[in-house]
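The values are calculated or read from the model by the stated rules, or taken from the named source; none is laboratory data. None of the values given here were measured: they were computed from a predicted structure. With ideal geometry, Cβ positions are generated from the backbone for all residues, glycine too; neighbour counts draw on all protein chains shown. Remember, those area values only see protein heavy atoms, side chains included, never the ligands or the DNA or RNA. Shrake-Rupley method; radii C 1.70, N 1.55, O 1.52, S 1.80 Å.
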Amino acid sequence: MPLPHAQCPMPHTPMQKSPSRTKFRNLRNLEFTRQRKFSRQTGSENGTPKTIVSAASLRSRLFIVWGVLMAAGLGLALNLYRLQIIEGSKLTQRARNQQMVNLRPFMPRRPVVDRNNNILAIDRPVYTLYAHPKLFDKSNEEIAQQLAPILNKDAGKLVKTFQSKRSGILLADGVAENIADRLISFHLNGFEFIQKYSRFYPQDDLVANVVGYVNLDRRGQAGVEYSQEKLLERSVQTVRLSRAGNGALMPDHAPQGFLHFDDLKLQLTIDNRLQRAARIALKEQVDKFQAKRAAVIVMDAMDGSLLALVSQPTYNANEYSKADIGLFRNWTVADLYEPGSTFKPLNVAIALENGAIKPDDTFNDPGTIKVADRTIKNAERNGYRRINIAQILQTSSNVGMVQIIQRMRPKLYYKWLEKLGLGQKVDTDLPFEVGGRLKSQEEFLSSSIEPATTSFGQGFSLTPLQLVQMHGALANGGKLVTPHVVQGLIDSQGKIHYSPTLPTPRQIFSSTTAQKVVDMMETVVSQGTGKASKIKGYSIAGKTGTAQKASPNGGYIPGARITSFVGIVPAEAPRYVVLAIVDEPKGENAYGGTVAAPIVKAVMEVLIPLEKISPKK
Amino acid sequence: MKQPERQYLRFTKIMAVARKLAVSTKSSWFRRDYTLPSDHRRSESLGKRMQSSSTLASESTAVRSRRKRNPSRNLSFSPRKEAVTQNLVKDSGKQAVANIPEKSSGRLPMMSTAGAAGAAPVWLLRLYTVYRYSSAAAFLFVSTTLVVYGWTVYSQELWSQAYRTLQSLQRNERQLNTTNATLTSKMAEEGEQPAAGLVSPNPGETIFLPPTSHNPNSASSNTIPSSEAQPQAPTPLGY
């Protein structure tokens, strides 16, 4: 911009520095000031040689400036190259390490719900609270006063705890999220919240024997929690996210689908309301007869889904550590018992199916029968009578049953027992299941006493669940379904995403045979030993059972018995099988018909409205 | 003492020419140049005060200063001497005073007037146009870059806000579910107490309506419990 002085048209004019300077001093124009300086400078070196020198020096100065700038630019470029290319990856890594956080998002175990979507088990975060008194910025007393009401602890004791150690005091374990929120909102220094997840069972002990519990290591230890671990566990992936200076998470580097975890729940076939009703009925009878233990199983024979599975006593899944370890085992699938008379309808079905007997056959019942070297008696009636098959069931005649089975070849009978699944597992989805016990074929065939005792449900053992399964075959027209509690994985809209594949039901009886047996069982309730389970307006099929309790050392425990009752409702269109089993009820009048039948009645009374079973026409 | 006088005389003469020029010329830049009078005055007063030398050189500087003010508005820098000389020659009417020898002007880069558009070389004008458009483009690019960059930062902020909202919603859902389940279970437990006065559903207290007769399935469907448990005064079925 500045015009050079050399433009001056008159080189001869002697330039005097000072006047020209004063002359322009007043000018405020910046441009002009610059020019003035220029003119001063050049003015002093007026004359051609000097001008050349000045131009040369100017050029060199320009060159220097250019050089400096270029050098600086080059330097910057080199540094850029170094930072971006040579050390690029290393620096990126370092920055990443500083900015990224390892995030383990809350990946809860899937909740467990019942068939009506009531939550049976759900994950919730809990906190372990540590105190570090050396970091407190208030006095111990003040802090104790503040915390005491929230933690439900005595303030004085808290102060003592604070004084005991300088740091790392475990103050509370399993602090719920909302309580932790309140504590955090105080903004107190010196407290540490360590988050972990704990399983919560809102129903406490109601479904504990089905759902089970999860231990501290978040592994299922019993029930569905154990057997369906694969369905319940979500894959916990640690996500690395970058974090901004203020701690906010940033989406870059977030893995694909990081936010889209499924909302699946494990649905059980259990009906909470029925379960509750069954428990009330069961408790009542257990208390009344001071029984050792008792259980109720309700199964929909159409598909084998279990609507209720209650056992008493049970444990609170939220406080499993306080419970008796023996209770963790669901004895309806893990313990064997001799079913006794409740097995009789199945023997009748086998005989009918084989054509060994006709539905209207009659038998002589003298009260006792001699088989091999033993004498078999009836439990109650011992007088002579002539009875038909329905009456055998009604009066639970052992003698009659022995006669029915004696019409079959023992080998064929044994085949049928095997076909029923005796001695095998049910393959249910509840864990720790044991298979029933049936004597070996040689042993069974060696003596005629074996088929005779088996005919009234002794000499072999099975689980209560297996008995329900077999009665299910009577209720659903002859198919052996698999009892199960897992419906499948459903999403929040109730759509089923996965359902376990169950073995296809085996047809073991014809539907006519099954219906005939159910009809006979109906007379047991209407006229026989099962009168206690009568419900007005409904026809119910059932069979009582009072079995001696087998001793682990062989033989039977004197005085100890297992009373049971199996009911099928509605008898005209059989669908639901209800089994009540009470172990070692005390008292003279403790029989299947007096102890277990009322339980089944109470359960059915709730089942009927719940399942909308219409009354008899 | 004579020399200064002569010089002063020459100076006033030149000033007169300059004044005449200022009056006569129709050139817009001269007229618009409001500093001219003050410059003039100053140089005049200076001339009076001057003891030894008030050279034409200084005068020419003054004139140049005037000219320069105009370039500050619409001049471009030209390092080439040819351009300047050409310019000066063409502008001879106005440049009566500044009749600069080529020799002296060629040394250094200098500013030139561009009073008339046609006077500037085509390439310079092109360059100028390119400069204008490219600076506009550069401005646009820079602002776009800033906007895009700002958006990337802001969108992350938005995401992290939304993520926080999501987390708090999930947390609320969890707490709601848990509380709901706990309350339901508590209520059911309380209902179990005989004092609560609640009873279990009972078939004796349930009204079952037979299926409507025109339902083709109803005749054969006693296996399917199609009738429903209904409370008192249900709306009649069948239409």
Q. Looking at A:I535, A:I490, which one is surrounded by 19 or more Cβ atoms within 10 Å (Cβ to Cβ) and either in contact with a Pro (Cβ under 7 Å, 6 or more places away or on another chain) or among the aromatic types (F, W, Y) (or both)?
A. A:I535
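Can you tell me which residue in the stretch B:179-215 is farthest from A:I608 (Cα to Cα), limited to those that are of a type in the set (S, T, N, Q) and at pLDDT 80 or above? Steps first, please.
Narrowing the stretch B:179-215 to residues of a type in the set (S, T, N, Q): B:179-180, B:182, B:184-185, B:193, B:200, B:202, B:206, B:212-213, B:215.
Next, only the ones that are at pLDDT 80 or above stay: B:179-180, B:182, B:184-185, B:193, B:202, B:206.
Working: B:T179: 30, B:N180: 27, B:T182: 27, B:T184: 22, B:S185: 22, B:Q193: 22, B:N202: 8, B:T206: 9 Å.
Across the stretch B:179-215, the extreme among qualifying residues is B:T179.
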Q. Exactly one of (1) open to solvent by 20 Å² or more (accessible area, probe 1.4 Å); (2) within 14 Å of chain B (Cβ to nearest Cβ) is unmet by A:K196. Its number?
A. (2)
Q: Would you confirm whether any residue within the stretch B:189-207 is among the hydroxyl-bearing types (S, T, Y), facing chain A (nearest Cβ under 10 Å) and more than 27 Å from the chain's Cα centre (by Cα)?
A: yes
Q. For the stretch A:577-592, how many residues are in contact with a helix residue (DSSP H, G or I) (Cβ under 6 Å, 6 or more places away or on another chain), surrounded by 24 or more Cβ atoms within 10 Å (Cβ to Cβ) and not β-branched (V, I, T)?
A. 3
**Q.** Within the stretch B:175-188, tally of residues that are at the interface with chain A (Cβ under 10 Å from one of its Cβ atoms) and open to solvent by 60 Å² or more (accessible area, probe 1.4 Å)
**A.** 5
Q | Counted residues, the stretch A:548-574 - those being closer than 17 Å to A:K292 by Cα, in contact with a helix residue (DSSP H, G or I) (Cβ under 9 Å, 6 or more places away or on another chain) and open to solvent by 10 Å² or more (accessible area, probe 1.4 Å) | A | 3
**Q.** Scope the stretch A:69-117; condition within 12 Å of chain B (Cβ to nearest Cβ) and touching a helix residue (DSSP H, G or I) at 6+ places or on another chain (Cβ under 6 Å); matching residues
**A.** A:V112, A:D114
Q: Among the residues of the stretch A:177-193, write down those that are of a type in the set (G, A, S) and surrounded by 16 or more Cβ atoms within 10 Å (Cβ to Cβ).
A: A:A180, A:G190
Q) Quick check: is even one residue across the stretch B:151-166 open to solvent by 50 Å² or more (accessible area, probe 1.4 Å), closer than 30 Å to A:N117 by Cβ, touching an Asp or Glu at 6+ places or on another chain (Cβ under 8 Å) and in a helix (DSSP H, G or I)? A) no
(Q) Of the conditions (1) closer than 24 Å to A:R506 by Cα; (2) more than 38 Å from the chain's Cα centre (by Cα), A:G436 satisfies every one except a single condition; which number is it? (A) (2)
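How many residues does the stretch A:428-469 hold that are closer than 21 Å to A:P552 by Cα, in contact (Cβ under 8 Å) with a residue 60 or more places away in the chain and assigned to a loop (DSSP other than H, G, I, E, B)?
Residues flagged as closer than 21 Å to A:P552 by Cα, in contact (Cβ under 8 Å) with a residue 60 or more places away in the chain and assigned to a loop (DSSP other than H, G, I, E, B) within the stretch A:428-469 amount to 10.
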Q. Here are some conditions: (1) touching a residue at least 40 places away in the same chain (Cβ under 8 Å); (2) more than 56 Å from the chain's Cα centre (by Cα). A:N79 meets all but one. Which one does it not meet?
A. (1)
Q) How many residues does the stretch B:163-174 hold that are farther than 20 Å from A:D262 by Cβ and within 9 Å of another protein chain (Cβ to nearest Cβ)? A) 1
Q: Evaluate the stretch A:520-532: report whether one residue or more is without any contact (Cβ under 8 Å) to a residue 12 or more places away in the chain and outside any strand (DSSP E or B).
A: no
Q | Yes/no for A:G488 being within 14 Å of another protein chain (Cβ to nearest Cβ), at pLDDT below 95 and not in a helix (DSSP H, G or I) | A | no
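Let's see how each residue does on (1) among the hydrophobic types (A, V, I, L, M, F, W, C); (2) at pLDDT 90 or above:
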site: A:L30; (1), (2): yes, no
site: A:E45; (1), (2): no, no
site: A:A77; (1), (2): yes, yes
site: A:S89; (1), (2): no, yes
site: A:Q99; (1), (2): no, no
**Q.** Filter pass, B:V142 being farther than 24 Å from A:M250 by Cα, modelled with pLDDT of 90 or more and assigned to a helix (DSSP H, G or I)
**A.** yes
Q) Quick one: A:E442 ticks every box in (1) more than 20 Å from A:K370 (Cα to Cα); (2) open to solvent by less than 70 Å² (accessible area, probe 1.4 Å) bar one, so which box is it? A) (2)
Q. Is the stretch A:140-155 home to any residue that is within 14 Å of chain B (Cβ to nearest Cβ) and closer than 30 Å to A:L206 by Cα?
A. no
**Q.** Matching residues in the stretch A:591-606 - criterion: being among the aliphatic types (A, V, I, L, M) and touching a strand residue (DSSP E or B) at 6+ places or on another chain (Cβ under 6 Å)
**A.** A:V595, A:A596, A:A597, A:I599, A:V600, A:V603, A:M604
**Q.** Among residues of the stretch A:353-381, those that are loosely packed, with under 15 Cβ neighbours inside 10 Å, modelled with pLDDT of 90 or more and of a type in the set (G, A, S), counted
**A.** 1
Q | Which numbered condition A:R109 fails, given (1) at pLDDT 90 or above; (2) touching a Phe, Trp or Tyr at 6+ places or on another chain (Cβ under 9 Å) | A | (1)
Q. Pairs, please: C-beta under 7 Å, at least 6 apart or cross-chain, first residue at the interface with chain B (Cβ under 7 Å from one of its Cβ atoms) and in the stretch A:603-617, second aliphatic (A, V, I, L, M) and part of a loop (DSSP other than H, G, I, E, B)?
A. A:E605/A:I535
Q) Looking at (1) in contact (Cβ under 8 Å) with a residue 24 or more places away in the chain; (2) closer than 30 Å to A:N102 by Cα; (3) of a type outside the set (K, R); (4) open to solvent by 10 Å² or more (accessible area, probe 1.4 Å), which is the one condition that is false for A:S227? A) (2)
